[in-house]
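Asks: I'd like to ask some things about the structure below.
The values are calculated or read from the model by the stated rules, or taken from the named source; none is laboratory data. Everything quoted here is computed from the prediction, not taken from an experiment. All Cβ positions, even for glycine, are placed from backbone atoms using ideal geometry, and neighbour counts span all protein chains on display. For the accessible areas, the whole protein counts, side chains as well, though only heavy atoms, and no ligand, DNA or RNA atoms are used. Shrake-Rupley method; radii C 1.70, N 1.55, O 1.52, S 1.80 Å.
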Amino acid sequence: MIKNSMKWYWMASLGLSIFWMGCKGTQTIVNEEPVEERTLREITVTPEPEPEEVMMELPVYNASYTRKNDLLHTKLDLKFDWDKQHVLGKAWLDFKPMFYDTDQLVLDAKGFDLHKIQVDGKDAQYDYDEKNEILIIELGKTYSAKQKYQVYIDYTAKPNERTAGGSAAITSEKGLFFINPKGDEGDKPQQIWTQGETENNSAWFPTVDKPNERTTQEIYLTVDDKFKTLSNGTLDSSTKNSDGTRTDYWNMDMPHAPYLFMLAIGEFAVVSEKWQGMLLEYYVEPEYEKDAKAIFSNTPEMLTFFSDYVGVKYPWQKYSQVVVRDYVSGAMENTTGVIFGDFVQKTKRELIDNHNERIVAHELMHHWFGDLVTCESWANLSMNEGFANYSEYLWFEHKYGKDAADYHLMGEQSGYVMSSAQRGMHPLIHFGYDDKEDMFDAHSYNKGGAILHMLRNTIGDDAFRAGLQLYLEENKFKAVEAHDLRLAMEDVTGLDLNWFFNQWYFEQGHPALDVSNSYDEVKKEVVVKLAQTQDPKENPAIFVLPMAIDIYAANGKAMRKNVQMNKREQEFRFKVDSKPALVITDAEHYLLAEKNEKRSKEESIFQFNNGPLFYDRYISLQNLKGASSSEAQKVVTKALDDPFWVVRNEAIRMINTADNPGALDKIAQMAKTDKRSQVKASALLILAESGDKKYVTVAKNAIDNEKAYVVISAGLEALVKLDKAEGVKYAAKLEKEDNGSIIAAIGSIYEENGDVSKLSFFENNVEKTNGYGAINFLSSYAELAMKGDNSTIFNSGKKLGEIAYDQKISPWKRYGAMKALDSLYKNLKGNGVTDSAMELKKIIESIKKVETNNQLRSMYKNFG
């Protein structure tokens, strides 16, 4: 599952950008003389260990759920009361005792009205514990493990009436959501959709809502005939009823965990295609029908690639993907029916160099790791999410090459390191969590994926793939823990891998490595010194680290030595003919470690020219920042022609145009012809900084002829800087564009231009913005309003208040409006306009009272 919008969209759109920026945190900084690399955390001197405290009680241990009854099959008949936002349900649940005889059944049932309960056709006694949201049913007799029984429950579920919390990962635990239920929210579509993970599907049907349970299912959905429906499995029949409704029958004849049950109901356009004879479906809003295959780009190729890579063909009956409004997460891997937040819903043009493939690959890989084989407890969540995270690397490597994959890995590793520094460390398999929702973090995702990459590099790709195949085949339709993966890998390789799993899965932390090398002239030896400097108190393990050390001669030829570090401090010596030009430790750059290493300017230049991997070229460029020598600038100039766009993009920002007059013309050419839109955009912004009006035509060309919106936005920004009057004219011509980035760029121009008559542009176009763009757009609106008189400021504040107050509007816009409103309030207060300021303060306080989003409520504390 991608936890972003809100389960991961909020974190990945508000947080992944931080992860990507974090990749610079573990890089070497090189000037003319060697200097120590700065790290994400300062390395501290380890104090003497204090005496251990005597343990007075056992540590927290969140065990797997004890299964007394085995849920075999679930049959649901569901209707919906849109006005009350109720689910009118009937459930038939087939059970048998797991092993021990039993006369009682405990179900999860959150926020229900119960009308009738029967066991094998007879009325049953029961106790409904509404506080703990469990239903205890007396079975009427004792059943043995060989006896099946059926429970029937007639109920009304009221998910919208639950006092349900949320987290940074999943912003609501209501389980089932009615969107625009009364049809009074403008042109927002009416929808029903579900979000089951972690244990929230029991808010709309009674079940054993635990990850180590499995059941087949049937669902009858009765809806207005105008709606399309989606659920798990196949749509086996659809029957029109005399009252204008329709009953769809969805059948899932393969067992999966209850948290993976799903519903999506709405007026969707459905685009279909086939993969090896199997149905693929893309559910989108009707206006995006022509873009559906681009939104879920390369799904057929991904199915082929992942099936081949893991050695197990996609195991389910069909594969459907649906986009919904107001989703409380990023995306969810419901078996055969993945739900995505509407942040993925874009036109083909918006998707240029801005595709959804990372999230599409992530959710698809879950259908092997998470759905077919499922973590037995939330403490083992990385057995789902680590694999889904690593699928992103595998897909990028397959589709776009190792450079793209390694760039992605760099961001994931840095994201984990930053998160662990800010929020603390815990074992990847974390039985001591405070709340199961805490498991949805950069450990379970980023670290889990990075560890799989290390495992692959440790045992080899062929062995890794064979191990995955065995793991899947032996554990299909089962709940698993990390030891199951270890045993599969050991069975394939014959290796004892306890050391690897113990340090990476069951111990917390990661190594911090001090790396240095020297040349022993007398013995003709290269001396490589490694020291693990992580704080033993919070990161006690001494990590066993297999790695390659590449020793480069001056002619560029490398000698590779494979070593294993297994001490806190260790020295390795290698015979060489002469002093090497460069030594690269961890030459494959796959270790999850914070490395502190010395590099001279000359070594960095050599590494760029001779290192075979993206990391070698990228880190060398980072090390050469600020180096103005002609040799360093030659490297930067060479990087402008690098095969990978990220390196070219970095070089554009680093080029010293003052000492290299021909560089600007080269960059102008890149603005026109580079294959990557982000590079074109960066080139345009560098041209803008030059102030040379001869590049006005380049900026205009970008606005008039480019397809990618990011390039058009950059062209507009460049044009304004190079020729303000022309820029404002072009902005006016683009006012009717629907794209949020274009609208935001125009807003920035109007803010800077200071014409308060353009406030209406903001008011008429705020609905076209979202995410960071909405926050920046509304900030520009406030800044422009403050260039008007006090009445203008006050009236603009009231309009912002209306946006921030409306809980039907996206949280991005609500936050952006609240932040902008606060700035106007403080402006009036600072100018002594007391009455108007107090009116805005009242509006701010009223918004705080109605805000339903926990994150926003916390962020609003300092407003007003």
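Asks: More than 27 Å from THR374 (Cβ to Cβ) and under 33 Å from the mean Cα position of the chain (by Cα): which single residue out of LEU468, LEU545, LEU497 fits that description?
Replies: LEU545
Asks: If we keep just the residues of the range 704-730 that are touching a Gly at 6+ places or on another chain (Cβ under 9 Å) and closer than 20 Å to THR769 by Cα, which is most open to solvent (accessible area, probe 1.4 Å)?
Replies: Looking at the filtered set, the residue picked out is GLU717.
Asks: Just to be sure, is GLU397 closer than 27 Å to THR171 by Cβ and part of a helix (DSSP H, G or I)?
Replies: No; evaluated as a whole, the condition is false for this residue.
Asks: Right, something else. Could you say whether any residue in the range 268-283 is touching a Phe, Trp or Tyr at 6+ places or on another chain (Cβ under 9 Å), touching a residue at least 60 places away in the same chain (Cβ under 8 Å) and crowded, with 17+ Cβ neighbours inside 10 Å?
Replies: Checked against the condition, which is being touching a Phe, Trp or Tyr at 6+ places or on another chain (Cβ under 9 Å), touching a residue at least 60 places away in the same chain (Cβ under 8 Å) and crowded, with 17+ Cβ neighbours inside 10 Å, the range 268-283 yields no hits at all.
Asks: For the range 827-864, give me each residue that is in a loop (DSSP other than H, G, I, E, B), open to solvent by less than 70 Å² (accessible area, probe 1.4 Å) and without any contact (Cβ under 8 Å) to a residue 60 or more places away in the chain.
Replies: Within the range 827-864, GLY832, VAL833, GLU851, PHE863, GLY864 meet the criteria.
Asks: Any idea how many residues of the range 579-604 are closer than 12 Å to VAL526 by Cβ and either open to solvent by 70 Å² or more (accessible area, probe 1.4 Å) or aromatic (Phe, Trp, Tyr) (or both)?
Replies: Total satisfying the criteria: 1.
Asks: Of all residues in the range 660-711, which are among the polar types (S, T, N, Q), within 22 Å of VAL635 (Cβ to Cβ) and more than 32 Å from the chain's Cα centre (by Cα)?
Replies: ASN660, GLN669, SER690
Asks: I would also like to ask the following. Residue by residue through the range 493-521, note down the ones that are out of contact with any helix residue (DSSP H, G or I) (no Cβ under 9 Å at 6 or more places or on another chain), of a type in the set (S, T, N, Q) and in contact (Cβ under 8 Å) with a residue 40 or more places away in the chain.
Replies: Result: GLN503, SER516, ASN517.
Asks: Same structure, new question: In the range 84-131, how many residues are over 30 Å from ASN180 (Cβ atoms) and either part of a loop (DSSP other than H, G, I, E, B) or touching a helix residue (DSSP H, G or I) at 6+ places or on another chain (Cβ under 9 Å) (or both)?
Replies: Going through the range 84-131 one residue at a time, the tally reaches 10.
Asks: A further question on this structure: Somewhere in the range 221-230, is a residue aromatic (Phe, Trp, Tyr) and free of Cβ contacts under 8 Å to residues at least 40 places away in the same chain?
Replies: no
Asks: Could you run through the range 489-538 and say how many residues are out of contact with any strand residue (DSSP E or B) (no Cβ under 7 Å at 6 or more places or on another chain), open to solvent by 40 Å² or more (accessible area, probe 1.4 Å) and either at positive phi or of a type in the set (Gly, Ala, Ser) (or both)?
Replies: Residues in the range 489-538 being out of contact with any strand residue (DSSP E or B) (no Cβ under 7 Å at 6 or more places or on another chain), open to solvent by 40 Å² or more (accessible area, probe 1.4 Å) and either at positive phi or of a type in the set (Gly, Ala, Ser) (or both): 1 in total.
Asks: Filter the range 70-87 down to the residues that are surrounded by 17 or more Cβ atoms within 10 Å (Cβ to Cβ) and farther than 29 Å from LYS478 by Cβ and list them by number.
Replies: Answer for the range 70-87, where residues must be surrounded by 17 or more Cβ atoms within 10 Å (Cβ to Cβ) and farther than 29 Å from LYS478 by Cβ: ASP77, PHE80, GLN85, HIS86, VAL87.
Asks: Still on this model: Given the criteria out of contact with any Gly (no Cβ under 7 Å at 6 or more places or on another chain), buried (at least 18 other Cβ atoms within 10 Å of the Cβ), of a type outside the set (Ser, Thr, Tyr) and touching a residue at least 60 places away in the same chain (Cβ under 8 Å), does PHE296 qualify?
Replies: yes
Asks: List every residue pair whose Cβ atoms lie under 6 Å apart, where the two residues are 6 or more positions apart in sequence or sit on different chains, the first residue falls within the range 176-190 and is surrounded by 18 or more Cβ atoms within 10 Å (Cβ to Cβ), and the second residue, located anywhere, is among the basic types (Lys, Arg).
Replies: Between residues of the range 176-190 that are surrounded by 18 or more Cβ atoms within 10 Å (Cβ to Cβ) and residues that are among the basic types (Lys, Arg), the close pairs are ILE179/ARG325; ASN180/LYS188.
Asks: In addition: Among ALA639, ALA593, ALA627, which is free of Cβ contacts under 8 Å to residues at least 60 places away in the same chain and among the aliphatic types (A, V, I, L, M)?
Replies: After applying the criteria, what remains is ALA639.
Asks: Moving to a separate point now. Could you figure out which of (1) touching a Phe, Trp or Tyr at 6+ places or on another chain (Cβ under 6 Å); (2) open to solvent by 40 Å² or more (accessible area, probe 1.4 Å) isn't true of ASP435?
Replies: All conditions are met except number (1).
Asks: Among the residues in the range 144-164, are any among the acidic types (Asp, Glu) and either in contact with a Cys (Cβ under 9 Å, 6 or more places away or on another chain) or in a loop (DSSP other than H, G, I, E, B) (or both)?
Replies: No: the range 144-164 contains no residue that is among the acidic types (Asp, Glu) and either in contact with a Cys (Cβ under 9 Å, 6 or more places away or on another chain) or in a loop (DSSP other than H, G, I, E, B) (or both).
Asks: Looking at (1) among the small types (Gly, Ala, Ser); (2) assigned to a loop (DSSP other than H, G, I, E, B); (3) under 25 Å from GLY330 (Cβ atoms), which is the one condition that is false for GLY788?
Replies: (3)
Asks: Let me ask you something else. Inspect the range 317-335 for any residue being closer than 23 Å to GLU737 by Cα and open to solvent by 40 Å² or more (accessible area, probe 1.4 Å) and give the result as yes or no.
Replies: yes
Asks: Going through GLY773, GLY797 one at a time, which residue ends up being in a helix (DSSP H, G or I) and modelled with pLDDT of 95 or more?
Replies: So the residue among GLY773, GLY797 that is in a helix (DSSP H, G or I) and modelled with pLDDT of 95 or more is GLY797.
Asks: Every residue in the range 794-821 that is of a type in the set (D, E, K, R), closer than 22 Å to PHE761 by Cβ and either touching a residue at least 60 places away in the same chain (Cβ under 8 Å) or open to solvent by less than 40 Å² (accessible area, probe 1.4 Å) (or both), please.
Replies: Within the range 794-821, LYS813, ARG814 meet the criteria.
Asks: Looking at the range 458-474, can you tell me whether even one residue there is polar (S, T, N, Q), open to solvent by 60 Å² or more (accessible area, probe 1.4 Å), closer than 30 Å to PRO255 by Cβ and in contact (Cβ under 8 Å) with a residue 40 or more places away in the chain?
Replies: Yes, the range 458-474 contains at least one residue that is polar (S, T, N, Q), open to solvent by 60 Å² or more (accessible area, probe 1.4 Å), closer than 30 Å to PRO255 by Cβ and in contact (Cβ under 8 Å) with a residue 40 or more places away in the chain.
Asks: Another question about this same structure. Would you mind telling me which numbered condition in (1) open to solvent by 10 Å² or more (accessible area, probe 1.4 Å); (2) in contact with a Phe, Trp or Tyr (Cβ under 9 Å, 6 or more places away or on another chain) GLU213 fails?
Replies: (1)
Asks: Can you tell which of THR142, THR102 is open to solvent by less than 70 Å² (accessible area, probe 1.4 Å), more than 19 Å from PHE205 (Cα to Cα) and not basic (Lys, Arg)?
Replies: Answer to the check: THR102.
Asks: Next up: Quick one: in the range 146-161, which of the residues that are open to solvent by 30 Å² or more (accessible area, probe 1.4 Å) and of a type outside the set (Phe, Trp, Tyr) is nearest to VAL208 (Cα to Cα)?
Replies: GLN150
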